[in-house]
Amino acid sequence: MVLAQLGGSISRALQQMSNATVIDEKVLNECLNEITRALLQADVQFKLVRDMQTNIKKIVNLEDLAAGHNKRKIIQQAVFNELCKMLDAGKPSFTPKKGKPSVVMFVGLQGSGKTTTCTKYAYYHQKKGWKPALVCADTFRAGAFDQLKQNATKAKIPFYGSYMESDPVKIAVDGVERFKKENCDLIIVDTSGRHKQEAALFEEMRQVSEATKPDLVIFVMDSSIGQAAFDQAQAFKQSVAVGAVIVTKMDGHAKGGGALSAVAATKSPVIFIGTGEHMDEFEVFDVKPFVSRLLGMGDWSGFMDKIHEVVPMDQQPELLQKLSEGNFTLRIMYEQFQNILKMGPISQVFSMLPGFSAELMPKGREKESQAKIKRYMTMMDSMTNEELDSSNPKIMNESRIMRIARGSGRQVREVMEMLEEYKRLAKIWSKMKGLKFPKKGDMSALSRNMNAQQMGGMGGLQSLMKQMGSAKDMMGMFGGGN
Ligand code: GDP
Ligand code: MG
């Protein structure tokens, strides 16, 4: 996602600030200016950026912060909170309930991604056990019904439309009625768009809405318009009761951040974002996790650089591959532990986490954490290949646990603790599933060597955490933090 650039710039700015020996006015200003620049580049409205800067300065009044305060942390927290505020519409969207029939109408300009998004939305819910259905009430665009039909067929979702009928209201009403009878619980009405906001479009929208009485109207918007999203979202809101927004094409434009913040400024909640043309390139949008990830995934190119620096080229691909498949096994955990120990002081590993360097791993705790990792590894040395390579924690039954404890001279309780740690990490790492690694260049070169080499351990843990921004989880793991 292009947003990674934005996140990367912001986390780099925070990192730089964090690395400074003394945090004074100058360091703070440099950090804020860097963040400002990144936000403006993502086309965030100037006023929003300025307000953010003012707020942070108010919160982080350096003179008022007594010596004991952790300025780095306060600044990081303030930046995080302000970013959240910038993207938060301040109110939740109506959410349809599974099993209870709801009508959801999609509106938006032509080409914004309505039809694609309708299918993604239906598909997303279908996978969660809903019974969605699609109604094509777009009689304006030639081929609209064919397009919806094709998408729906691919996703095996029932659809309704007509080649003959030219009245979108009639089609919408008929379709909704039919799927209500068929007990569908999510009836999605796709409407027509226009090239620009026109009275005729808004009129048609109103009529379809009046006739089908949707429980939720979703406005679909192309993120490439950046902060102009504000006016567009306002205009639609004034004509129809927009309950939620889906911002599309977040994969292709540097202006995504601007679009998201502009929509939030109209007080319309964004519920999903579209990140590609495919059915599953669709993500729930939730402000806090989004911002954590944005900052956490941060410096992707920096991460790749780091890999190249520490690990020979031909040993890199398999780990990345496994992670993107979401198969986090005990063996991977073992290898990551090995890497951590190899890489030197744990505090250094942590310093690669944007914004969470020294505090995470207080000096005195390093030895403790290192010992813990070694203890875990000894226990894993007593495990069989089958156990190490399984990603199903259920195979670890009582007798296996007892055997491992005996074999490593540890207590059952400790083995269980290690397995708990594994489960917790596996859960975090599962977020890596589906993560897209750079397609061109690096990765293709990497994959060519994939089978040629054994699994080469690589210091992936630090980068992972970077991507996930789950500093809290990691603090728990190594008993660090404050
Ligand atoms: P509609 O006119 O509003 O119904 O828009 P469509 O659903 O027909 O989409 C217009 C174009 O945008 C199509 O080529 C889609 O494949 C593309 N599109 C939709 N959503 C996304 C997205 O999230 N990312 C990318 N890259 N393309 C998208
Ligand atoms: Mg369409």
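The values are calculated or read from the model by the stated rules, or taken from the named source; none is laboratory data. Values in this document were obtained by computation on a predicted structure and should not be read as measured data. Note that each Cβ is placed from the backbone with ideal geometry, even for glycine, and that neighbours are counted across all protein chains shown.
The residues listed here are Ser261, Ser292; of these, the one that is among the polar types (S, T, N, Q), away from ligand 1 (no atom under 16 Å from the Cβ) and either modelled with pLDDT of 85 or more or not in a helix (DSSP H, G or I) (or both) is Ser261.
One residue stands out among those in the stretch 93-125 that are near ligand 1 (Cβ under 8 Å from one of its atoms) and surrounded by fewer than 21 Cβ atoms within 10 Å (Cβ to Cβ): the one that is nearest to the chain's Cα centre (by Cα), which is Gly111. Within the stretch 202-218, the residues that satisfy the criterion of being in contact (Cβ under 8 Å) with a residue 40 or more places away in the chain and of a type in the set (A, V, I, L, M, F, W, C) are Met205, Val208, Ala211, Leu216, Val217, Ile218. Taking (1) among the aliphatic types (A, V, I, L, M); (2) more than 16 Å from ligand 2 (Cβ to nearest atom); (3) closer than 20 Å to Ala244 by Cβ in turn, Val107 satisfies each apart from (2). Reported count of residues in the stretch 139-186, each being among the β-branched types (Val, Ile, Thr), more than 15 Å from ligand 2 (Cβ to nearest atom) and under 26 Å from Glu277 (Cβ atoms), is 2. Looking across the stretch 67-119, the residues that are touching a strand residue (DSSP E or B) at 6+ places or on another chain (Cβ under 6 Å) and in a helix (DSSP H, G or I) come down to Lys114, Thr115, Thr117, Cys118. Can you pull out every residue in the stretch 137-193 that is in a loop (DSSP other than H, G, I, E, B), surrounded by fewer than 17 Cβ atoms within 10 Å (Cβ to Cβ) and either away from ligand 1 (no atom under 16 Å from the Cβ) or not assigned by TED's automatic domain parsing to the domain that holds Val208 (or both)? Hits for the stretch 137-193 are Lys156, Ser162, Tyr163, Met164, Glu165, Ser166, Asp167, Glu182, Asn183.
For Asp167, the conditions (1) acidic (Asp, Glu); (2) without any contact (Cβ under 8 Å) to a residue 40 or more places away in the chain; (3) under 17 Å from Phe219 (Cα atoms) all hold with the exception of (3). Selection of helices (runs of 4 or more DSSP H) fully inside the stretch 1-66 by the criterion of at least 1 residues being in contact (Cβ under 8 Å) with a residue 60 or more places away in the chain and over 22 Å from Ala228 (Cβ atoms) returns 3-19.
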